[in-house]
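S.K.: Mind looking over this structure? Questions follow.
The values are calculated or read from the model by the stated rules, or taken from the named source; none is laboratory data. Quantities reported herein were computed from a predicted structural model and do not represent experimental measurements. So basically every Cβ, Gly included, is an ideal-geometry build from the backbone, and we count neighbours across all protein chains shown.
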Amino acid sequence: MRFTIFQESRKGSRKVNQDRIAYTYSRDTLLLVVADGMGGHAGGEIAAQIAARLFIERFQQEAKPVLKSPLKFLQDSMLRAHAALGSYANQFSMLETPRTTCVACVVQAGHAYWAHVGDSRLYLYRQGGIIGQTKDHSKVQYLVDQGIIGADEVAMHPDRNKIFSCLGGLVDPVIDLGKRTPLRNGDVIVMCSDGLWSVLSKEEMSTWLTSTPILKTAPQMMAEAEKRGGSEGDNLSAIVVRWGPETLTDEPSTTITETLGLGQFETQIDRTLTLTDRKGAQRDLSDDEIEHAIAEIQATIQRYRR
Amino acid sequence: MAVTNQALPGAYQLLNYRIDRQISRGGFSIVYRAFDEMGAPVAIKEYLPSSLVLRTEGDIVRASTAENLTSFRYGMKCFFEEGRALAKINHPNVVRVLNFFRANETVYMVMRYERGRTLQQQIQMRQDQMSERLVRHVFMHLLNGLREVHTHKLLHLDIKPANIYLRTDGTPVLLDFGAARQTLTTNRPKLAPMYTPGFAAPEQYRDPDRLGPWTDVYGVGASMFACLAAFAPQAADARIQEDHLVSAKKIWSGQYSDNVLEVIDWCLRLDPLERPQSVFALQKAIRDIPPKKRKLTFFDALKRKLFSELGA
Ligand SMILES: Nc1ncnc2c1ncn2[C@@H]1O[C@H](COP(=O)(O)OP(=O)(O)OP(=O)(O)O)[C@@H](O)[C@H]1O
Ligand SMILES: [Mg+2]
């Protein structure tokens, strides 16, 4: 496989980043995940983290070297992440289950497959136009479908944050699966949290990303989006993949997976958690977190040693 | 007799430190004097909340129930907060953290050992009142340390004479950042934060969203008050109901400069907005009015100039 990949998550003006993005690929299969945790306390962040990790871990167990059925993998992983959040809440007697949205995409044998829950989105562009996209599980999307409001009113609508399907919710998630879509060189996949799509229309994203080298323009796009979010700006995250060899720039930016050995994976996932949410999630520490905190304190001691 | 946690015995080898003796036992921890492998003294704080009985013998900390373990681990966060806060601060008037590690199923913080005694002990030992010169000296230095703390966006939240250590040369060290446990505002009765009556500001009782530098400023004012009175001012929660606190200006007029007395009263205002809003503002107030109508020597003048430049 050949592709160029960009990923970035920004806090916006929030104290904590509850978005998580991750990707991993083997020689023949690529997995992308965006999760946007919900709710106060540390819950949202933990939820997004658990979902992203679960996808990555399951992928590495199942992509040997390819997934038998990408759509089934996506659906199962969503359900397992949902169950994992429930048992996590149980284990730590949390009053509220941590919840998250999730959009995940698999590319295998030249085809894209995706699934989503909630309002994190996927757009698939070909030559600047949209050829595939997810449809939010949100109240406003319902209003659009009913013809009550226009699509352009979604981003500004006061209820735009109300979603009816998520992982970790009281009811089982509604999972939408995107149909198997063959990719052509130059196609661009964008996956993002609502912090991005609510300030940047899909047409604008197309302008930023489809006819330019993404490693150059995607960071600029993120900076612009964060600026637009202003002092109220939500966390914003994106993974952008341009399929095929990079033809728009001479810079060596194309990932070539053929160099990976069989059974080998390349993974990108942020493992840090903000442990000290000021409101204090009612949760004790795991051994991992203790080790992590100690390592962090020791590093700080070293850094400030004179 | 109530069962209590066992301290580590003398000569106990804790990693590369050898325990000498227990110095103190508090609500969340035991502090030991120990020696490092070079034989230099250090102070080691062991996380061991006294409300949870966790070690009745030996060295390993064991929670007797699952619930105990949860509370123990939960409170550990606060201990980490203290470590995190202190690790960032390298200032002569703030206790220095040298190491932080895990052992015996709990966590330890190693600090530079300071020789001297707490301001609390100093107040209790003295028969006569503390001189204005000493009060100024201690608090001007302490405020330098506190300013550094605030610069790092941290609040101490437990400033009181027991947490101000006086080195043998008279310079102060700010101790015990255990209350930088801002995280511990949730209702876990077993590990509830203990605000010290008399020194805690009113917003610490009722309005945790309004904490700020002025909250520590209240603690500084109360500590200065205690230096003069040898007892703490009326607790802030009681003052809100019925304020019996007599102003420092009234009590000690003539014995101390108006400036110091006014500063104390200013720091002790119940309304956070009416207090000095920053340590800098407070330092400026203490410094601005000349202490005595004494002729300045050349040295005094020079020293003052230097101070004001350093402080600005
Ligand atoms: N670095 C040090 N050098 C010398 N003595 C120290 C040092 N740190 C602490 N001590 C002694 O230990 C006592 C208690 O320390 P500290 O105030 O940090 O803990 P504490 O009040 O027991 O804390 P907690 O409320 O978390 O239990 C101090 O009053 C002081 O006598
Ligand atoms: Mg103390």
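S.K.: Could you please let me know if B:VAL173 is crowded, with 23+ Cβ neighbours inside 10 Å, under 19 Å from B:ARG117 (Cα atoms), modelled with pLDDT of 80 or more and away from chain A (no Cβ under 14 Å)?
M.R.: In short, yes.
S.K.: Could you pull out the residue among A:MET94, A:MET78 that is at pLDDT below 90 and either within 17 Å of the chain's Cα centre (by Cα) or surrounded by fewer than 24 Cβ atoms within 10 Å (Cβ to Cβ) (or both)?
M.R.: Just a single option satisfies the conditions, and that option is A:MET94.
S.K.: Got a number for residues in the stretch A:47-75 being over 17 Å from the mean Cα position of the chain (by Cα) and within 17 Å of A:ILE269 (Cα to Cα)?
M.R.: 2
S.K.: Still on this structure: Does B:ILE60 fit the bill of being closer than 23 Å to A:HIS292 by Cβ and crowded, with 20+ Cβ neighbours inside 10 Å?
M.R.: Here the answer is no, as B:ILE60 does not meet what is asked.
S.K.: Related question: Please give the number of the condition B:LEU98 fails out of (1) within 10 Å of another protein chain (Cβ to nearest Cβ); (2) under 14 Å from the mean Cα position of the chain (by Cα); (3) surrounded by fewer than 23 Cβ atoms within 10 Å (Cβ to Cβ).
M.R.: Against the list (1) within 10 Å of another protein chain (Cβ to nearest Cβ); (2) under 14 Å from the mean Cα position of the chain (by Cα); (3) surrounded by fewer than 23 Cβ atoms within 10 Å (Cβ to Cβ), B:LEU98 comes up short only on (2).
S.K.: Let me confirm something: among B:ALA7, B:ALA2, B:ALA43, which residue is away from chain A (no Cβ under 14 Å), at pLDDT 90 or above and more than 9 Å from ligand 1 (Cβ to nearest atom)?
M.R.: So the residue among B:ALA7, B:ALA2, B:ALA43 that is away from chain A (no Cβ under 14 Å), at pLDDT 90 or above and more than 9 Å from ligand 1 (Cβ to nearest atom) is B:ALA7.
S.K.: Kindly indicate whether any position in the stretch B:46-54 is assigned to a strand (DSSP E or B) and either away from chain A (no Cβ under 14 Å) or within 12 Å of ligand 1 (Cβ to nearest atom) (or both).
M.R.: The answer is yes, given that some residue of the stretch B:46-54 is assigned to a strand (DSSP E or B) and either away from chain A (no Cβ under 14 Å) or within 12 Å of ligand 1 (Cβ to nearest atom) (or both).
S.K.: Then there's this: Can you give me the number of residues within the stretch B:221-275 that are part of a helix (DSSP H, G or I) and touching a residue at least 60 places away in the same chain (Cβ under 8 Å)?
M.R.: Total meeting the criteria: 8.
The rows are residues; the columns are (1) away from ligand 1 (no atom under 11 Å from the Cβ); (2) surrounded by fewer than 24 Cβ atoms within 10 Å (Cβ to Cβ); (3) more than 14 Å from chain A (Cβ to nearest Cβ).
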residue	(1), (2), (3)
B:GLN121	no, yes, yes
B:GLU132	yes, yes, yes
B:PHE139	yes, no, yes
B:GLU148	yes, yes, no
B:THR151	yes, yes, no
B:LEU154	yes, yes, no
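S.K.: Which helices (runs of 4 or more DSSP H) sit wholly inside the stretch A:161-259 and have at least 2 residues that are touching a residue at least 60 places away in the same chain (Cβ under 8 Å) and more than 23 Å from A:ALA151 (Cα to Cα)?
M.R.: Correct list: A:214-229.
S.K.: Another question, then. Could you grab me the full set of residues in the stretch B:81-95 that are more than 9 Å from every other protein chain (Cβ to nearest Cβ) and touching a His at 6+ places or on another chain (Cβ under 6 Å)?
M.R.: B:ASN93
S.K.: Which numbered condition in (1) outside any loop (DSSP other than H, G, I, E, B); (2) in contact with a Gly (Cβ under 7 Å, 6 or more places away or on another chain); (3) of a type in the set (D, E, K, R) is the only one that A:GLU96 fails?
M.R.: (1)
S.K.: Quickly run through the stretch B:152-176 and pick out the residues that are away from ligand 2 (no atom under 16 Å from the Cβ) and touching a helix residue (DSSP H, G or I) at 6+ places or on another chain (Cβ under 9 Å).
M.R.: If the condition is that a residue be away from ligand 2 (no atom under 16 Å from the Cβ) and touching a helix residue (DSSP H, G or I) at 6+ places or on another chain (Cβ under 9 Å), then B:HIS152, B:LEU154, B:GLY170, B:THR171 are the ones that fit.
S.K.: Now for a separate question. Would you tally the residues in the stretch B:2-35 being in contact (Cβ under 8 Å) with a residue 24 or more places away in the chain and charged (D, E, K, R)?
M.R.: The total comes to 2.
S.K.: Does B:GLN122 qualify as being touching a residue at least 12 places away in the same chain (Cβ under 8 Å) and either in a helix (DSSP H, G or I) or of a type in the set (Ser, Thr, Tyr) (or both)?
M.R.: Spelling it out, B:GLN122 is indeed touching a residue at least 12 places away in the same chain (Cβ under 8 Å) and either in a helix (DSSP H, G or I) or of a type in the set (Ser, Thr, Tyr) (or both).
S.K.: In addition: Inside the stretch B:81-113, can you point out the residues that are in a loop (DSSP other than H, G, I, E, B), more than 13 Å from B:LEU174 (Cβ to Cβ) and within 12 Å of ligand 1 (Cβ to nearest atom)?
M.R.: Listed by number, the list holds a single entry, B:TYR113.
S.K.: Check whether at least one residue in the stretch B:65-80 is assigned to a loop (DSSP other than H, G, I, E, B) and either facing chain A (nearest Cβ under 7 Å) or in contact (Cβ under 8 Å) with a residue 24 or more places away in the chain (or both), and report yes or no.
M.R.: Scanning the stretch B:65-80, I find no residue that is assigned to a loop (DSSP other than H, G, I, E, B) and either facing chain A (nearest Cβ under 7 Å) or in contact (Cβ under 8 Å) with a residue 24 or more places away in the chain (or both), so the answer is no.
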